[in-house]
Structures are given as structure tokens and as C-alpha cells.
Amino acid sequence: MAHTSVNEQGPDDAVGRQTTSGVLWLTAQKWVIRLLGFVTIAVLTRLLSPEDFGTVAAASTILPFFYLLSDLGFAAYIVQVAKADQRMLSTAFWFSLSAGVVLGAVLFAIAPLAGILFANPEVVPVLRALSLWVIFTAFGSVPLAILRRTMRFRVLAGQGAIAAVIAQVVAMVMAFSGLGVWALVGQSLVAPAVTTVLAWTVIHWRPTLAFNRREFATMTRFGAKVLGVEFVAMLRASGEAAVISSTLGVAALGYMNIAQRLVQVVQDLTGSAIVPVTTVAFARIREDRERLLNAYLRALRMSYAALSLPLTIVAVAAPMIVPLLFGEAWATSYPIAQILAIAGTLTVGAWLDHGLFYGLGKPGKWFVYALVIDAVTLTTTILLVRFGLVAVAWGFLAVCVVATVSRWFLVSGELSAPVRKIASPFLFVVIAVVVSGAAGWGVMLLTRSLPDWASILVIAVTVSVVHLSVTRLIAPTVIAEGLAVLARSKWGKRIRFLRSGEDDA
């Protein structure tokens, strides 16, 4: 039977434990997906060409536009609203499903225009097949939002891992069958389809035929701002893809895509859970500004520490990681990956700030920030693309520096805290990254004669030891905070239970 309310708000003292467990579960999901994904991508890059990857990358930049229009930011509204009842949820569901079907048909019809935009006719059939992606994701939008709202991140993690594994198996089978680019298309379609089916099987809620105009108007006012943020980001990504493809060729877009994937893998394995989890957590404590400020700073310190270490390893060892994982044919991607890894450290704060403003119910302020930064990013790409992909990557890094500083002032005003206090978590990370990166670079020069895998291992150990040592020296509370938060989580309780069982034995 349908539930009339989805408001499983836990007590305040449970928010910290739920947040930590959510981050851990979603991070564990990414580990499963990405470790298997490494195998998949290593095989696919040897069976498929850079043009195949570039074609799907070009088509994929258009898809999110249509999904955003079908969702209209309603999922984000459901996650943070104080009360989500049957009428509101049903209104969101029927709009998303109807819009998804219509927009999927529109995407199918206008696919030839994308072929002209990217100067690649192969994009047309690929994009037409991927129009189903819009329908699948629209159908699952509300049930997935409900799972996030109720902080059932363990369920979300399990479903995401199952869907990704099935999609990767499908891609491998299709690639070995000689289907070329369609292996990537199959992977892109299977994952959202399986995720949607699993979400509906878990939640108890079912929509009624209710559609309320007042609820729709309320959600639209909030969602329009969320839509603006995501729309601008997608417009920037599509614009960059079009500029690179038309200026340097579709193969160049493929090289850029592989570099971005490598950095994204590292980010996914360590910090991709930040936005979905913190949005809910910040929404629950937003009335207590002192508590909110302390929670934000603690999360920022731990996020910087957790993500900067693996990204530093990639920045140093990319010349060996890229050929080892993807083959020598992709060596062009490694200098791009090095620069993007450094930039990735700077974007950690953006993820957390994104969750903060959405959790506070103020996506409008984040929209203004995103509009300016994405416009500057696209303009920088247009100006630098004629100098090559490496120049584009350096330009992105420069924009990340500017964006980071601007966010300090933005968050400072919102939380009524001094700018230096908001910026302080970033300063220890700079020192840790520079010192550990220099140590890793020196080790790389000394281990050139070793096999690539051995050199990567030595570099990783060196960077990790130096990074953690510097962090403990100049920011001793960071590691202690991380261990304390982990101990309070359900994971920590399970570890203690297992240890007590071993002691009894």
C-alpha cells in the first residue's frame, strides 16, 4: 500500500552517524564499480578506437540536458524539503515520466543536428539509441530521491554496484562480439535501466493519479534554480566537447575523455559520496548555524585530506599509470591527466559547497556562482584549444584556483564566518600536496629502471607516507577527526564487534 509520507527524519544525534555510514557505503560502491571498471576499460581501450570513445563522449554530453528538463530539479527538492507527502511525490513522478518520454522522442528527432555540431555523422545513430537513457532515468528519478531523502545509502550503494557490474559485463560481451562503439552504448543504457528497476522494487511508495498544481509550482520555483546550475554545467561540457572535436578532431576528444575518466575514477573512489550525503545532512541541521559551521569545516578538512592524497599519486605517476591501464596508444592522455589531477584537488571544496547550498535550500546563490565559473571555463577552453589539449588542461587548473578563492567569500557570507576560517582547511592541503608530490617525483626519477607497476607502487607508498606525515604535523586534528567519525559510524561498531568476537575466541 502506498505510504502517504516519506519523512523518516532521525534524531539530531544520529545525523553524524548516518552521514558517515552513507559516505562509506557509497564510497564502497564506487570501489566495487571502479575496480571492475578498470578491467573493463583496459579491455575496451584495446578493442575500441579513440574515435569510438570520442563519439560516445560527444553524444553523452547532450543527454544530461534532456534528463535535467525531465526532472526539473524535483529530485533535489524532494531530498531537502521538510515534508514530502503523497501528493507532492506523485506530482513529481508524473511530470518526470511524461517529460522524459516526450524529451526522449525530441532527442531522437534532433540527433542529426548533433552530428553537424560535432562534425561527426557517427554521433547520430549513437545519440538516437541513447535517447532511451532519458526515459530510464526519468522513470527512476523519484524513487531514487526517496532513498536519498531517507538516507538509505546502503541500499543505493548496493543497487548502483549491481547495475554497474551488469552494464560492464554487457559492454565486454558486445565488444568481444565485434560490435565496436555499440559496446559503450549498451553499457550506458543498461546501468540506468537496472538501477531504476531495483529502486522500484525496494521502496514501498507507489504514485497515485494525483497531480497538484500548487505543489508543482512550489517545486518548479526551487527546481528551476537547480536546473540552472546543472544546465550551465552541461552546456559548458557540451561546448568544450564541440570546441575540442571541431578544432583538434574527435580522437583528441577521446584522449581528453580517457584523462578525465582516470581522474574521475580516483575522485569516485574517495569522495563522490560527498554531495548526495552532505546535502541531506546539512538540510537536517541548517537551523543551528554554529553546529552547521563546525560540521562544514570538519567535513571540508577530512574531504581535502582524503581526496588530495590519491590525486597527488595520479599527478606524479600518470606517465606510467595511463600506458599500463589503457595501452601505449593512449600515452597522449597522461600529461592531461597529471594537470587534471591537480585541479581535481581544488574541486573537492566545490563538491562540499554544492551540498551546503542545496542543503540550505538556496540553490539560487549556487546558480550564480556556477554560471560565472562555467562561462569562464568555456571561454578559457575556446581561447587555448588551438594550443593543444595540455594548454586546455592548464587553463582549467587556473580557473579552479580562481573558483576556489571565490567560494571562500561565498561560503563565508552564508555561514557568517571569517574568510580565513573557511580557507584554513585548504592551506594544509597545499603544503601536503607540494611536499608529498615532490617526494613522489624524486622517487619516480630513481625508479625509472623498474617495471611500471613496481614504480607506481613505490611512488604511491612514498606519497602516502609523506602526505600523512605532513598532515599530522601541521593539521593534527584532521586524522583524529576522521578516526573518531569512523568509530562512531555503524562500520566502526561492526569492526569493534568483530574484534571483540576474536578476543573471546
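Throughout, read-outs are computed from the coordinates displayed, never taken from laboratory work. As the structure is a computational prediction, the values presented were derived from the model and not from experiment. In this analysis, Cβ positions are derived from the backbone assuming ideal geometry, glycine residues included, and neighbour counts consider all displayed protein chains.
Brief remarks follow.
- Top-ranked residue of region 42-71 - restricted to ones that are over 19 Å from the mean Cα position of the chain (by Cα) and part of a loop (DSSP other than H, G, I, E, B), ranked as farthest from A241 (Cα to Cα): L48
- Yes/no for A299 being under 23 Å from M444 (Cα atoms) and in contact (Cβ under 8 Å) with a residue 40 or more places away in the chain: no
- Residue count for region 150-181 satisfying the condition of being under 15 Å from L47 (Cα atoms), without any contact (Cβ under 8 Å) to a residue 40 or more places away in the chain and either within 18 Å of the chain's Cα centre (by Cα) or in a helix (DSSP H, G or I) (or both): 4.
- Going through (1) surrounded by fewer than 21 Cβ atoms within 10 Å (Cβ to Cβ); (2) hydroxyl-bearing (S, T, Y); (3) assigned to a helix (DSSP H, G or I) one by one, T208 falls short only on (3).
- Scanning region 331-380 for residues that are buried (at least 22 other Cβ atoms within 10 Å of the Cβ) and on the phi > 0 side of the Ramachandran plot yields no hits at all.
- Which numbered condition A119 misses (of (1) in contact with a Phe, Trp or Tyr (Cβ under 7 Å, 6 or more places away or on another chain); (2) of a type in the set (A, V, I, L, M); (3) not in a helix (DSSP H, G or I)): (1)
- Restricting attention to region 389-416, the residues being among the small types (G, A, S), touching a residue at least 60 places away in the same chain (Cβ under 8 Å) and buried (at least 16 other Cβ atoms within 10 Å of the Cβ) number 1.
Listed here are the residues, each with its yes/no results for (1) in a helix (DSSP H, G or I); (2) β-branched (V, I, T).
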residue: T379; (1), (2): yes, yes
residue: V385; (1), (2): yes, yes
residue: L397; (1), (2): yes, no
residue: V401; (1), (2): yes, yes
residue: L410; (1), (2): yes, no
residue: E414; (1), (2): yes, no
residue: A417; (1), (2): no, no
residue: K421; (1), (2): yes, no
residue: S424; (1), (2): yes, no
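- Of the criteria (1) buried (at least 17 other Cβ atoms within 10 Å of the Cβ); (2) under 17 Å from A193 (Cβ atoms), which one V101 fails: (1)
- Residues within region 75-113 that are within 16 Å of A210 (Cα to Cα) and assigned to a helix (DSSP H, G or I), tallied: 13
- Of the residues making up region 42-64, one or more are closer than 30 Å to F357 by Cβ, out of contact with any Lys or Arg (no Cβ under 7 Å at 6 or more places or on another chain), small (G, A, S) and touching a residue at least 12 places away in the same chain (Cβ under 8 Å).
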